[in-house]
Amino acid sequence: MEAAVVFLPLLGAFLAGLFGFVLRDKGSMLVTCALLTLSATLSWYIFFDVIWGDGPRIVQLLSWVHVDKFSFDWVLRVDQLTAVMLVVVTTVSSVVHWYSIGYMHHDKSIPRFFSYLSFFTFFMLMLVTADNLIQMFFGWEGVGLCSYLLIGFWFDKPSANAAAIKAFVVNRVGDFGYALGIFGVFVLFGNVGFTEIFASAASKKDATMVFLDVEFHALTILCLLLFIGAMGKSAQLGLHTWLPDAMEGPTPVSALIHAATMVTAGVFMVCRLSPLFEYSETALAVVTIIGGSTAFFAATVGLTQTDIKRVIAYSTCSQLGYMFFAAGVSAYGAAMFHLFTHAFFKALLFLGSGCVIHAMSDEQDMRKMGGIRKMVPITYIYMWIGSLALAGIGIPGLGGFAGFHSKDVILESAWAAQSFVGQYAFWLGILAAMMTAFYSWRLLFLTFHGEARCDEKTLAHVHESPVSMWLPLTILAVGAIIAGYIGHEAFVGGGMKEFWGASIFTLDTHKALENAHNVPLWVKLAPLVVGIAGIYIAYIFYIQNTSLPGKFAAKFRTLYQISFNKWYFDEFYDRILVKPTFVLGRHLWKSGDGALIDGVGPDGVASLTQRFSRMASALQSGYVYHYAFAMLIGLVGLVSWYIYGGLSG
């Protein structure tokens with residue numbers, strides 16, 4: 001059964017990709033959707049069986065690599081952590097597959113699209129079921145490859161090609177650190193299997209390792225290298241620039257990559273490797289600082305973006321920051337809880353934005369929307385549900401939308417950590433929560449409320465999405481409403497130790513998550529208060545007095561430009577990395593490859609041959625007297641040689 005969950009999407013990708021010309025569009029869609037739905041159904045069964053039934057298990061598939069002391073098998077590790085990821089990945093992916101039937105029905109390459117979607121899901125499932133670092137790296141690189149294919153799906157668009165290449169290159173930077181971390185783990189532990197590594201982690205807590213000719217605490221340097229990989233995949237500050245550009249892909253791709261799969265791989269990896277991270281306070285502090293900084297940074301950028309999908313993309317980046325700083329204060333259960341709830345409401349928002357784009361004749365600029373709520377009532381309701389969950393609206397002690405339960409416990413854990421980095425992340429998280437509420441309602445007000453700002457032709461064609469698009473969203477909407485409520489006790493409440501079992505390891509001295517339930521009342525109320533404040537400010541700016549945003553942008557022009565231009569990260573990288581690389585590459589191409597290698601090598605030999613050929617061809621003039629003269633010279637030379645040779649003898 002466990003193998004079926006993983007390989008059913010691969011079967012769907014294989015059938016749609018290689019036999020799409022036989023299955024045609026409809027057959028390809030139905031085959032991949034049916035197999036993904038079956039995989040999701042089995043995942044939920046496994047989830048309940050692992051948590052409350054037979055418990056974790058190891059499923060041996062085949063012997064993979066055996067080279068001297070370096071050996072490992074292809075094994076599926078199905079424990080509590082894996083079970084949570086299985087239901088998240090397969091549920092969201094199946095919803096995206098069914099939604100895509102309506103969204104992509106006019107596309108000319110439907111079999112290829114659905115094959116890519118299922119292939120992506122297969123690699124993500126391989127990642128979360130991995131029992132060793134090499135197997136995880138296989139899935140890790142696989143989702144990177146598929147993200148390149150999906151982001152650049154419309155390859156006839158230069159912007160899509162550029163975005164795909166950017167995502168691929170930026171992720172390779174992170175993956176280089178991840179690969180070094182894997183090598184280091186093997187050097188230190190002599191193994192890459194999780195069971196063996198985790199069993200030996202405590203004995204290596206004081207070990208050192210030489211890296212770049214400097215001696216470091218071994219687990220610290222290994223965890224930091226592995227975390228660099230997580231920063232790339234999960235778009236953390238510094239390696240985040242690929243994420244908003246990934247919006248060039250079709251909207252279902254945005255939902256799949258940014259909600260439950262690729263971008264959460266880094267969070268999952270840190271939680272999976274908690275037995276290593278727990279023995280490095282430095283690594284945990286770095287994770288916390290990067291996570292808190294990312295949550296704040298991405299929220300500030302989301303305030304001013306005008307593309308509806310980019311606003312949601314930056315909110316993803318921000319929410320991933322929350323997950324990381326939760327893991328950084330050892331609240332791994334809280335990080336996974338937010339990953340779980342976030343998958344539902346973020347996929348809902350992305351797919352809801354796809355319904356808006358569909359209704360607006362492919363328009364994505366919110367400045368050209370407005371006044372359409374009565375024309376798309378179902379989409380409007382779903383976008384409100386997703387926004388309420390994202391903003392974390394609820395009442396402490398009574399409950400609320402999904403994000404309320406998971407985001408609040410992260411902030412409470414950061415406060416309860418009673419450390420400098422915990423306080424740093426808490427206050428940045430509070431500010432990010434206020435900005436999240438503001439830009440979420442800015443999106444709602446600009447898109448659905450006020451006067452229509454589109455042209456009359458577009459407005460006349462505004463319509464609700466077909467049932468094939470909005471019906472799958474119902475599953476996500478239900479999750480966005482109740483996932484936090486039903487999961488709180490198990491994920492982060494009194495039953496969390498029994499729920500997570502041995503899949504997550506936390507030292508007895510790291511009690512942030514346990515102490516989170518006893519924080520002062522103002523800490524519990526702060527996220528709700530700032531969230532309501534953010535909504536109210538958005539209401540004033542975009543409903544009551546619509547001239548305020550322009551006045552504010554003019555008065556604080558520098559701050560506005562920094563936010564609107566994404567803190568100039570792209571420009572900075574372009575100046576210090578991209579342009580110098582192009583200059584160096586052009587120099588090596590012209591001077592090195594062209595002038596030196598080709599000039600002396602192939603081109604030089606060819607030129608020399610051509611020169612001698614011209615000289616030889618000059619002798620072939622076609623005139624008889626030239627040939628006679630040449631023969632005479634030859635005869636004179638031969639006689640001279642004979643006479644000279646004879647005299648010498």
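The values are calculated or read from the model by the stated rules, or taken from the named source; none is laboratory data. Keep in mind that what you see is a predicted model, and the values were worked out from it rather than measured. Backbone-built Cβ (ideal geometry, glycine too); neighbour counts: all protein chains shown. Remember, those area values only see protein heavy atoms, side chains included, never the ligands or the DNA or RNA. Shrake-Rupley method; radii C 1.70, N 1.55, O 1.52, S 1.80 Å.
Calculated mean residue ellipticity, 222 nm, the chain: -22500 deg cm²/dmol, from DSSP H runs (n ≥ 4) at -39500 (n - 2.57) each, averaged per residue and rounded to 500. Relative to the longest principal axis of the Cα atoms of the chain, the long axis of helix 420-448 lies at roughly 90 degrees. Between helix 602-618 and the chain, what is the angle of the helix's C-alpha long axis to the longest principal axis, kept within 0 to 90° and rounded to the nearest 10? Helix 602-618 sits roughly 30 degrees off the main axis of the chain.
R0 = 35 Å: FRET efficiency of Ile543 with Phe572, Cβ-based, nearest 0.05? Don't skip to the answer; put the middle values down first.
Working: r = 36 Å, r/R0 = 1.04.
Efficiency, rounded to the nearest 0.05: 0.45.
Rg over Rh for the stretch 399-555 works out to 1.09, using Cα positions for both radii and the Kirkwood form for Rh. Rounded to the nearest whole Hz, the Karplus-based 3J(HN,Hα) values (6.51 cos²θ - 1.76 cosθ + 1.60, θ = phi - 60°) of the stretch 80-95 follow the sequence 4, 5, 5, 4, 4, 5, 4, 5, 5, 5, 6, 5, 5, 5, 5, 4, with x at glycine and proline.
Counting Lys +1, Arg +1, Asp -1, Glu -1, what net charge surrounds Ala490 among other residues with beta carbon under 13 Å of its beta carbon?
With Lys, Arg at +1 and Asp, Glu at -1, the neighbours total -1.
Sorted from longest to shortest, the spans of the Cα atoms of the chain along the three principal axes equal 122, 70, 57 Å. The charge dipole of the chain, taken about the Cα centre with unit charges on the Cβ atoms of Lys, Arg (+1) and Asp, Glu (-1), comes to about 1520 debye, rounded to the nearest 20. Length gained on full extension, Val67 to Trp44: 4.5 nm, using 0.36 nm per residue less the C-alpha separation. When the solvent-accessible area of the stretch 204-357 is split by element, carbon and sulfur atoms take up 62 percent of it, the probe being 1.4 Å.
With every protein chain left in place, what is the accessible area per residue of the stretch 285-340 in square angstrom, probe 1.4 Å?
Values: 540 Å² over 56 residues.
Value for the stretch 285-340: 10 Å² per residue.
To the nearest 20 debye, what charge dipole does the stretch 105-250 have about its Cα centre, counting +1 at the Cβ of each Lys and Arg and -1 at the Cβ of each Asp and Glu?
Working: 8 positive and 11 negative charges, 58 e Å.
Once rounded to the nearest 20, the dipole reads 280 debye.
Relative to the longest principal axis of the Cα atoms of the chain, the long axis of helix 624-648 makes an angle of roughly 70 degrees.
Can you give the translational diffusion coefficient of the stretch 77-163 in µm²/s, computed by Stokes-Einstein from the Kirkwood radius over Cα pairs at 4 °C and 1.567 mPa s?
Details: Rh = 14.0 Å.
Rounded, D is 92 µm²/s.
If you take all other residues with their beta carbon under 15 Å from the beta carbon of Phe572, and give Lys and Arg +1 and Asp and Glu -1, the sum is +1.
Taking the square root of 5 times each eigenvalue of the Cα gyration tensor, what semi-axes in Å does the equivalent ellipsoid of the stretch 72-231 have, largest first? The partial results should precede the final answer.
On the way: eigenvalues 252, 79, 21 Å².
Each semi-axis is the square root of five times an eigenvalue, giving 36, 20, 10 Å.
Converting phi to 3J(HN,Hα) with the Karplus coefficients 6.51, -1.76 and 1.60 and the offset θ = phi - 60°, the stretch 479-489 yields x, 5, 8, 10, 4, x, 5, 7, x, 4, 4 Hz in sequence order, with x at every glycine or proline. With equal scatterers on the alpha carbons only and no solvent term, can you work out the Debye log10 of I(q)/I(0) for the stretch 320-422 at 0.17, 0.19, 0.20, 0.23 1/Å? Log-scaled intensity ratios, in q order: -0.79, -0.89, -0.94, -1.09.
Accessible area of the stretch 42-195 with a 1.4 Å probe: how many percent of it is carbon plus sulfur? It is 68 percent, rounded to a whole number. Label zone (Glu464, point 7 Å along Cα-to-C-beta; backbone nitrogen cut-off 20 Å) within the stretch 359-389: 359-362, 370-387.
Each Cα pair under 8 Å and six or more residues apart adds its sequence gap; the mean of these over the residue count of the chain is a relative contact order of 12 percent. The alpha carbons of the stretch 204-326 give a radius of gyration and a Dmax of 15.8, 50 Å, in that order.
Considering only Gly494, Gly386, Met231, and ranking their Cα positions along the charge dipole of the chain that arises from unit charges at the beta-carbon of Lys, Arg, Asp and Glu, the one farthest toward the positive end is Gly386. Spin-label model, Glu489 to Arg557: label points 7 Å out along the Cα-to-beta-carbon direction sit 5.9 nm apart. For the stretch 63-167, the solvent-accessible area with a 1.4 angstrom probe is 31 square angstrom per residue. Converting phi to 3J(HN,Hα) with the Karplus coefficients 6.51, -1.76 and 1.60 and the offset θ = phi - 60°, the stretch 371-386 yields x, 10, 4, 6, 8, 10, x, 5, 4, 4, 5, 5, 5, 5, 4, x Hz in sequence order, with x at every glycine or proline. Placing a pseudo-label 7 Å from each Cα along the Cα-to-Cβ vector at Ala630 and Ile395 gives an inter-label distance of 10.8 nm. Would you compute the Debye intensity of the stretch 449-535 from its alpha-carbon atoms alone, equal scatterers and no solvent, and pass along log10 I(q)/I(0) at q = 0.15, 0.18, 0.23 Å⁻¹ to two decimals? Values, matching the q order: -0.89, -1.04, -1.20.
Averaged over its residues, the stretch 362-481 has an accessible area of 39 Å² per residue, based on protein heavy atoms and a 1.4 Å probe.
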